[in-house]
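S.K.: For reference, the structure I am asking about is given below.
The values are calculated or read from the model by the stated rules, or taken from the named source; none is laboratory data. A quick note: this is a predicted structure, and the numbers were derived from the prediction, not measured. Positions of Cβ are generated from backbone atoms using ideal geometry, with glycine treated the same way; all protein chains shown enter the neighbour counts. Note: areas computed on protein heavy atoms with side chains; ligands, DNA, RNA excluded. Shrake-Rupley method; radii C 1.70, N 1.55, O 1.52, S 1.80 Å.
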Amino acid sequence: MLIKVAAFTKGAGGKVREAVEAAPGDAGILLDLRANSGGLVTEAVTASSAFLDGGLVATYDVHGEQRALYAEPGGDTERPVVVLVDGGTMSAAELLTGALQDRGRAVTVGSRTFGKGSVQMPSKLPGGSVAELTVGHYRTPAGRSVEGSGITPDVGAGPEAQKRAETVLSGLGGGS
């Protein structure tokens, strides 16, 4: 089953979880995060909860204080998952990809991701406007920084990436 996520806007994580829960029991998941510009980290964490049974998704520092993001328990940990990525996979999409890759939950296919691992927080300005300030950079569960380097997929692929991902998913025991 193909699930395409263009950006992690409000509600996107819940939609990923609903799609996984609605997939036929024997279907693997092809999670397409190509050209995903990122978005809300909370939505990427919610999406990770569709594939993980709790546990660490990422860590980050804010003003020198280490913080962690965790998946909710109860995700589908049996179904095969392949994540499609490319140079347009950024930020929150890289956070999700890194968590699934580091935790051995998905095989990643495609090309190196963009490398935007910054954590931004809103700050209210005088007059009521809001500025997004970079306060730190996140790390994957294995401690890898994404900033500037991106994520290298497990299986490299160019223009034929989706076909290659479908072959990998089939080999893992799940149709697309």
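S.K.: Give me the percent of the accessible area of the chain that comes from carbon and sulfur atoms, probe 1.4 Å, all protein chains in place.
M.R.: For the chain, the apolar C and S fraction of the accessible surface comes to 53 percent.
S.K.: What distance in nm separates the simple spin-label points at S129 and A142, each placed 7 Å from Cα in the Cβ direction?
M.R.: 4.2
S.K.: May I ask you to give the solvent-accessible area per residue for the chain, in square angstrom, as obtained with a 1.4 angstrom probe?
M.R.: About 46 Å² of surface per residue is accessible.
S.K.: Of E147, E78, E132, which has the largest mean-square fluctuation in a 10 Å C-alpha GNM of the chain?
M.R.: Fluctuation is largest for E132.
S.K.: If amide H atoms are built 1.01 Å from N in the plane of the peptide, which residues on other chains or at least 5 residues away come under 5 Å of the amide H of Y70?
M.R.: HN-HN under 5 Å from Y70: V57.
S.K.: Also, quick follow-up: Which lysines, if any, have their Cα less than 16 Å from the Cα of K4, not counting same-chain residues under 8 positions apart?
M.R.: Cα-Cα hits under 16 Å: K15, K163.
S.K.: Then there is this: If you place +1 on the Cβ of every Lys and Arg and -1 on the Cβ of every Asp and Glu, how big does the dipole about the Cα centre of the stretch 111-176 come out, in debye to the nearest 20?
M.R.: Charge dipole, the stretch 111-176, about its Cα centre: 120 debye, nearest 20.
S.K.: Given (i) 0.98; (ii) 0.94; (iii) 1.11, which label gives Rg/Rh (Cα atoms, Kirkwood Rh) as computed from the coordinates?
M.R.: Among (i) 0.98; (ii) 0.94; (iii) 1.11, the one derived from this structure is (i).
S.K.: Can you run phi through the Karplus equation (6.51, -1.76, 1.60; θ = phi - 60°) for the stretch 59-70 and list ³J(HN,Hα) in whole Hz, with x for Gly and Pro?
M.R.: Whole-Hz 3J(HN,Hα) from phi for the stretch 59-70: 10, 7, 10, 10, 6, x, 9, 6, 10, 9, 10, 10.
S.K.: Using 0.36 nm times the number of residues separating E160 and S37, minus their current alpha carbon distance, what extension gain do you get?
M.R.: That works out to 42.2 nm of additional length.
S.K.: Using amide H atoms built 1.01 Å from N in the peptide plane, name the residues 5+ places from A157, or on other chains, whose amide H lies under 5 Å from its own.
M.R.: G110, S111
S.K.: Related question: Find, among the trypsin sites (Lys or Arg not before Pro) in the stretch 1-67, those assigned to loop by DSSP (not H, G, I, E, B) with at most 12 other beta-carbon atoms within 10 angstrom.
M.R.: K10
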